[in-house]
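The structure appears right after this line, and notes come after that.
The values are calculated or read from the model by the stated rules, or taken from the named source; none is laboratory data. Source: prediction; values computed, not measured. No Cβ is skipped: glycine too gets one built from the backbone with ideal geometry, and neighbour counts run over all protein chains shown. Accessible surface is based on the protein model in full, side chains and every heavy atom, while ligands, DNA and RNA are left aside. Shrake-Rupley method; radii C 1.70, N 1.55, O 1.52, S 1.80 Å.
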Amino acid sequence: MANADEVGLTIRRVFDAPRELVFTTMTDPDHLRHWWGPKECTITVARAEARPGGAFHYCMHPREGMPGMEVWGRFDFHEIARPHRFVFVNGFADEQGNRIRYPLLPVWPLEVLNTVTLEEDNGKTIFTLHSVPVNASDAECAAFRAGHESMQQGFGGMYDLYEQYLATANTADREIVITRTLRAPRERVFDAFTDPRQISVWWGPNGYSVATASMDARAGGSWRFEMTGPDGTLWPNLVEYQEVTRPERLVYHHGSGSEGDPGFDVRITFEEAGDAETLLTMRTIFASPEALAAVKKFGAEELGRQTIGKLAEYLEHAA
């Protein structure tokens, strides 16, 4: 049996970004969906759990006009040691997430162990990826070794795209972040966001009410509703879901549904926080620092906190 370490692949690069940002953009599914995979492909995400024991299950699609077929993949996180190291096992999968052989190269290893280390260097990050086959036969190790050159090219193209994405990934100057510990299990909190009967009771700042027209809380689905202000003004709203991972994450775009409205992106995480409590983090990301400044002028941050305050009250008093 061949020694897998002897056929391992090592790739090193230096990224012009702080280590914390590199770590986040390489482990957070919100970021992975934008750059992971061959540069000839885009991906959609079926499952995303960025934690030890969690899985990232995705489908690679050829970009428009490019040849190829859809290919599913899955990697399983084994270790996440922020911000300097993470370990995952990657391989091909079917649509249900089961590990499978690559149809065009059945001798390819079923699974590959990837260890990423990140080192700080004067505001930049030294990135090292070491990949080795897992429980591979001699033939699989030979195929992996023979594929080094093509893997270097493939990873090189992907990390070229990643560098471009990295330049736009730091959203600290155009986001509002609201956190609150809620006295309810995260399943219940998650349901309060995705059940139209519940969210219509508490959503919106103080003095506002909501009438839901439709809600389909799944990736690709939407929530259409109308919000009525204290003065009777009606505000149409359209939420378009990009990721719905119960009970951990919600990712969506929120706007009015009107042409020309840029709207904003929202990422919500639900983390267990002690005995039947949930740490809610709502990150609202605007198109530019100027757009953030504009909404802050009319108190958007306080209105968001009022909305989460109403959620807290609803959870404490609802049956």
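Numbers for the structure displayed
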{"item": "The lone exception for E313 - which of (1) farther than 17 Å from E187 by Cα; (2) open to solvent by 70 Å² or more (accessible area, probe 1.4 Å) it fails", "result": "(1)"}
{"item": "Residue match in the stretch 110-117 (condition: over 22 Å from G8 (Cβ atoms), open to solvent by less than 70 Å² (accessible area, probe 1.4 Å) and modelled with pLDDT of 95 or more)", "result": "no"}
{"item": "Hey, I268 more than 19 Å from S209 (Cβ to Cβ) and either among the polar types (S, T, N, Q) or touching a residue at least 12 places away in the same chain (Cβ under 8 Å) (or both) or not", "result": "yes"}
{"item": "Failed condition for A50, given (1) over 23 Å from E271 (Cβ atoms); (2) small (G, A, S); (3) not in a strand (DSSP E or B)", "result": "(1)"}
{"item": "Of residues in the stretch 63-105 being among the acidic types (D, E) and open to solvent by 70 Å² or more (accessible area, probe 1.4 Å), the one modelled with the highest pLDDT", "result": "E95"}
{"item": "Enumeration of residues in the stretch 239-252 that are at pLDDT 95 or above and either open to solvent by 20 Å² or more (accessible area, probe 1.4 Å) or out of contact with any strand residue (DSSP E or B) (no Cβ under 8 Å at 6 or more places or on another chain) (or both)", "result": "E240"}
{"item": "Residue in the stretch 36-57 that is modelled with the highest pLDDT, counting only those that are touching a helix residue (DSSP H, G or I) at 6+ places or on another chain (Cβ under 9 Å) and open to solvent by less than 10 Å² (accessible area, probe 1.4 Å)", "result": "F56"}
{"item": "Flag if R283 is loosely packed, with under 13 Cβ neighbours inside 10 Å, in contact with a strand residue (DSSP E or B) (Cβ under 7 Å, 6 or more places away or on another chain) and touching a residue at least 24 places away in the same chain (Cβ under 8 Å)", "result": "no"}
{"item": "Only listed residue being within 24 Å of A46 (Cα to Cα) and in contact (Cβ under 8 Å) with a residue 60 or more places away in the chain, chosen from F77, F86, F144", "result": "F86"}
{"item": "Those residues of the stretch 84-99 which are part of a strand (DSSP E or B) and touching a Lys or Arg at 6+ places or on another chain (Cβ under 8 Å), in sequence order", "result": "N90, G91, F92, A93, R99"}
{"item": "Test: residue in the stretch 223-234 that is among the β-branched types (V, I, T) and either within 28 Å of R47 (Cβ to Cβ) or in contact with a helix residue (DSSP H, G or I) (Cβ under 7 Å, 6 or more places away or on another chain) (or both)", "result": "no"}
{"item": "Residue match in the stretch 147-169 (condition: touching a residue at least 60 places away in the same chain (Cβ under 8 Å) and outside any helix (DSSP H, G or I))", "result": "no"}
{"item": "Pairs where the first residue, in the stretch 205-233, is on the phi > 0 side of the Ramachandran plot and the second is open to solvent by less than 60 Å² (accessible area, probe 1.4 Å), C-beta under 9 Å, 6+ apart", "result": "G207/G229; G207/Q306; G220/Y241"}
{"item": "Selected residue (criterion: nearest to V22 (Cα to Cα)) from residues of the stretch 131-142 that are touching a helix residue (DSSP H, G or I) at 6+ places or on another chain (Cβ under 9 Å) and surrounded by fewer than 19 Cβ atoms within 10 Å (Cβ to Cβ)", "result": "V134"}
{"item": "Per-region count, the stretch 183-210, residues closer than 22 Å to Q242 by Cα and open to solvent by 60 Å² or more (accessible area, probe 1.4 Å)", "result": "3"}
{"item": "Residue in the stretch 242-249 that is touching a helix residue (DSSP H, G or I) at 6+ places or on another chain (Cβ under 6 Å) and over 18 Å from I308 (Cα atoms) present", "result": "yes"}
{"item": "Residue count, the stretch 53-83 (criterion: in contact with a Leu (Cβ under 7 Å, 6 or more places away or on another chain) and not in a loop (DSSP other than H, G, I, E, B))", "result": "1"}
